[in-house]
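Beneath this line is the structure, given in structure tokens, with notes to follow.
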């Protein structure tokens, strides 16, 4: 039986690296925005009219939000998988399956939500 | 007959207490828990937005609890820690060669920090914070 030498690592690794960069550039400022919401000072752009207006009318904004959320989810899933292993949870196949399926499910949900706007 | 193989006993759940470098590595690993949880929160927020004005506004209201503030502060620290360590690592991960010489690492990392500030200011402007 011919065995494939191809590794599936690049498929997992590329979104991970891209996601790490996206998280580094975008997540701190987005957390800052929702922290303002948590403190009761909702920025104009995060009110229903503001955010809905942006996302419903601008395809580029939808794509940007989808890219940021999906890549961040995938990267986080991959990092959490490594974190679980490093903390002594040695059931990697199960952990990887749960986290990657979760990330894929979350990405699809994000796409559906954005499509419905 | 072969000699007994050398077996290094590595405790799987407490190895990182052996060296400060391992602890630094693990502290960066832990940031992924907060960032991951925050991403899930973002998906729920978008879901509430898609459901309409009423459900989005109750989502915004639900964020205004002491627990949520504590989570956001923790997530912000985790995100900042991830970002700074990520940008500091870029000069090792992506070496840029120009002719015979390599671009200095500080230039590569510095460029990332500048871009980070620019992106953050643009997002804050678009969100109407200023």
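With respect to (1) without any contact (Cβ under 8 Å) to a residue 24 or more places away in the chain; (2) assigned to a helix (DSSP H, G or I); (3) under 20 Å from residue B:55 (Cα atoms), the lone exception for residue A:55 is condition (1). For the stretch B:72-91, how many residues are within 21 Å of residue A:39 (Cβ to Cβ), facing chain A (nearest Cβ under 9 Å) and either over 11 Å from the mean Cα position of the chain (by Cα) or touching a residue at least 24 places away in the same chain (Cβ under 8 Å) (or both)? Looking only at that region, the number is 5.
Scanning the stretch A:1-39 for residues that are farther than 17 Å from residue B:116 by Cα and either in a loop (DSSP other than H, G, I, E, B) or modelled with pLDDT of 80 or more (or both) yields a total of 17.
Just to be sure before I move on: is residue A:42 more than 23 Å from residue A:9 (Cβ to Cβ), in contact with a helix residue (DSSP H, G or I) (Cβ under 9 Å, 6 or more places away or on another chain), assigned to a helix (DSSP H, G or I) and at the interface with chain B (Cβ under 9 Å from one of its Cβ atoms) in the structure I sent? So residue A:42 fails the test.
In the stretch A:66-97, the residue that is surrounded by the most Cβ atoms within 10 Å (Cβ to Cβ) out of those that are assigned to a loop (DSSP other than H, G, I, E, B) and more than 7 Å from chain B (Cβ to nearest Cβ) is A:89. Taking residues in the stretch A:1-27 that are away from every other protein chain (no Cβ under 11 Å), and partners anywhere that are modelled with pLDDT under 80, not one pair has Cβ atoms closer than 7 Å while being at least 6 places apart or on different chains. Scanning the stretch B:98-130 for residues that are away from every other protein chain (no Cβ under 14 Å) and outside any helix (DSSP H, G or I), we see that the one that is farthest from residue A:53 (Cα to Cα) is B:100. I need the full set of residues from the stretch B:46-73 which are buried (at least 17 other Cβ atoms within 10 Å of the Cβ) and farther than 19 Å from residue A:45 by Cα, in order please. Result: B:68, B:71.
Just a yes or no: is a residue in the stretch A:99-106 in a helix (DSSP H, G or I), farther than 24 Å from residue B:117 by Cα and facing chain B (nearest Cβ under 8 Å)? Among the residues of the stretch A:99-106, at least one is in a helix (DSSP H, G or I), farther than 24 Å from residue B:117 by Cα and facing chain B (nearest Cβ under 8 Å), which makes the answer yes.
Among the conditions (1) more than 10 Å from chain A (Cβ to nearest Cβ); (2) loosely packed, with under 11 Cβ neighbours inside 10 Å; (3) assigned to a helix (DSSP H, G or I), the only one that residue B:4 does not satisfy is (3).
The values are calculated or read from the model by the stated rules, or taken from the named source; none is laboratory data. All values derive from a computational prediction rather than experimental measurement. Backbone-built Cβ (ideal geometry, glycine too); neighbour counts: all protein chains shown.
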